[in-house]
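The values are calculated or read from the model by the stated rules, or taken from the named source; none is laboratory data. Note that the structure is a prediction, hence the values are computed from the model and not measured. Here the Cβ is made from the backbone with ideal geometry for all residues, glycine too, and neighbour counts use every protein chain on show.
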Amino acid sequence: MSASELEGAAVVILRAGEGPDAVADELERHGAVVATLRVAHVVDRADADVLVAVGALEQFGWVAVTSANAARRLALFSAQWPATTRVAAVGPATAAAVESLGLRVDAVASGGTAADLARSIEAGPVLFLAAANARGDLARELTARGIEVTTVVAYDVEAVPLDTDAVALLLDRGVVVAMAPSAIDALHSMDEQARRAARSIPLVAFGPSTQRRAEALDWPIAAVATRRDPQAVTDAVRAALGR
């Protein structure tokens, strides 16, 4: 893809949490005009509560994380990480968040889903450090294979309603990128007139979980980013716009 292939394309990214946005950077590198709307805040559970819930980390053969926000909470343990405990990350961005703490990533899900991540783990016990609203795909997959899983909630995701200005910005864009199921919920929370107008804007879903949420709420999808990396989102935006 050339650096100007998305020149002038007006894109809005709906995402949860703060921090750097590699997807926006990649889209802008290819010429898109990008705006980001935060549709949810990430609120960490108290450090002491997470530490107590986890207990002795060395009891786990693996720690599985399916988001950069979950990976960030590994900082609670990074100073004294057990040599026998390995880390499995759902995709490149999550793996990078783990590595930024000085920890090694031993497995990255090839397909970028929690179920794929589960298939990369051959034995337990497994600690799944997760959001309060995390899907149960990883635990179900592991449990079905007889692998013990302990799920510890490390943070909550609190919805941020789209105000009038945010809705106006969104409806003025040529493509919408939904980075998480909570982004689909934000779209669906708009009033009927706004929802009707938004349904005519090409929607790019980041990964299968977001795709499933869009399908469940009957939101038409123009393209799906099948890998969990910025280039995949950029390719999906290009496909959604027919470029």
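Summary table below
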| quantity | calculated |
| --- | --- |
| Segment 104-149, subset under 20 Å from the mean Cα position of the chain (by Cα) and either of a type in the set (Ser, Thr, Tyr) or not assigned by TED's automatic domain parsing to the domain that holds PHE60 (or both), residue modelled with the lowest pLDDT | SER110 |
| Residues (at pLDDT 90 or above, buried (at least 22 other Cβ atoms within 10 Å of the Cβ) and more than 16 Å from ASP47 (Cα to Cα)) located in segment 64-85 | ALA64, VAL65 |
| Selection from segment 216-243 of residues that are exposed (fewer than 14 other Cβ atoms within 10 Å of the Cβ) and either over 21 Å from the mean Cα position of the chain (by Cα) or not small (Gly, Ala, Ser) (or both) | LEU217, ASP218, PRO220, GLY242, ARG243 |
| Subset tally (residues that are free of Cβ contacts under 8 Å to residues at least 24 places away in the same chain and surrounded by 16 or more Cβ atoms within 10 Å (Cβ to Cβ)) for segment 112-133 | 1 |
| Selected residue (only one of ALA88, ALA183 is at pLDDT 90 or above, within 16 Å of the chain's Cα centre (by Cα) and in the same structural domain as PRO230 (by TED's automatic domain parsing)) | ALA183 |
| Test: residue in segment 93-103 that is more than 24 Å from GLN211 (Cα to Cα), assigned by TED's automatic domain parsing to the domain that holds GLN211 and at pLDDT below 95 | no |
| Candidate set: segment 86-98, residues that are of a type in the set (A, V, I, L, M) and in contact with a Ser or Thr (Cβ under 7 Å, 6 or more places away or on another chain); chosen: the one surrounded by the most Cβ atoms within 10 Å (Cβ to Cβ) | VAL90 |
| Total residues in segment 104-148, condition more than 20 Å from TRP81 (Cβ to Cβ), touching a Pro at 6+ places or on another chain (Cβ under 8 Å) and of a type in the set (Val, Ile, Thr) | 2 |
| Members of segment 24-60 found to be touching a Phe, Trp or Tyr at 6+ places or on another chain (Cβ under 8 Å) and either β-branched (Val, Ile, Thr) or surrounded by 15 or more Cβ atoms within 10 Å (Cβ to Cβ) (or both), listed by number | VAL42, VAL43, ARG45, VAL54, LEU57 |
| Members of segment 151-175 that are over 16 Å from ALA10 (Cβ atoms) and crowded, with 17+ Cβ neighbours inside 10 Å | VAL152, VAL153, ALA154, TYR155, VAL157, LEU162 |
| Residue that is farthest from THR36 (Cα to Cα) [pool: residues in segment 134-150 that are among the aliphatic types (A, V, I, L, M) and surrounded by 14 or more Cβ atoms within 10 Å (Cβ to Cβ)] | ILE147 |
